[in-house]
1. When the stretch 106-135 is examined, which residues are found to be within 30 Å of residue 30 (Cα to Cα), buried (at least 16 other Cβ atoms within 10 Å of the Cβ) and under 15 Å from the mean Cα position of the chain (by Cα)?
2. Is the stretch 2-9 home to any residue that is of a type in the set (Gly, Ala, Ser) and either under 24 Å from residue 108 (Cβ atoms) or assigned to a loop (DSSP other than H, G, I, E, B) (or both)?
3. Can you list the strands (runs of 3 or more DSSP E) found entirely within the stretch 13-105 that contain at least 1 residues being surrounded by 14 or more Cβ atoms within 10 Å (Cβ to Cβ) and β-branched (Val, Ile, Thr)?
4. Need pairs with beta-carbon distance below 7 Å; first residue of a type in the set (Phe, Trp, Tyr) and within the stretch 31-45, second surrounded by 12 or more Cβ atoms within 10 Å (Cβ to Cβ); sequence gap 6+ or separate chains.
5. Of the residues that make up the stretch 119-126, is at least one acidic (Asp, Glu), under 26 Å from residue 60 (Cα atoms) and either modelled with pLDDT of 90 or more or touching a helix residue (DSSP H, G or I) at 6+ places or on another chain (Cβ under 9 Å) (or both)?
6. Sort out which residues of the stretch 8-31 are under 25 Å from residue 101 (Cα atoms) and more than 18 Å from the chain's Cα centre (by Cα), and write them in order of number.
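The values are calculated or read from the model by the stated rules, or taken from the named source; none is laboratory data. Here the structure is a predicted model, which means the values were calculated and not measured. As a convention, Cβ positions derive from the backbone with ideal geometry for all residues, glycine included, and neighbour counts pool all protein chains shown.
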Amino acid sequence: MLTVRTEDGQVQTVSVDPAVKIFDEIKTGDTLRIRFVESVVIAVRPNAKPSSVVDTTAAAKKAAGNQGTDVLQQFKVVVTIDSIDPRTQMVVYRDGDGRTVSRLVSDPKLLQGLKRGDTVELTYSRERAIEIERR
């Protein structure tokens, strides 16, 4: 695991793929460029009640079984859409605890048909760094 501070000051922890050899050479204070992958599954859930984040890692690992799938960590949450900006591909949503989150959506097709007030179930799979480079 690698904990970093982004250029805008946010702290983020990512898992590092064992194939990334530079990991053992990284020191506190290094400036890095990190390429990582994450997975988010979105399902519109009409009339669902917004929820807090639930850790579904154990169930996901069990479901993956011996299929060679590497489930690091998985969470589910039901949220309410507060706003969508198709131009910048930003969506703002609120969970059951009232926490507001802004996220960049990489595929604009995911925003099609969504509107303010929609209830959406999000399934997050943990980020995994696949490339790290010193700057």
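1. 124, 125, 126, 127, 128, 129
2. Within the stretch 2-9, one or more residues are of a type in the set (Gly, Ala, Ser) and either under 24 Å from residue 108 (Cβ atoms) or assigned to a loop (DSSP other than H, G, I, E, B) (or both).
3. 32-44, 74-85, 90-94
4. From residues that are of a type in the set (Phe, Trp, Tyr), the pairs are 36/14; 36/127; 36/128; 36/129; 36/130.
5. yes
6. none
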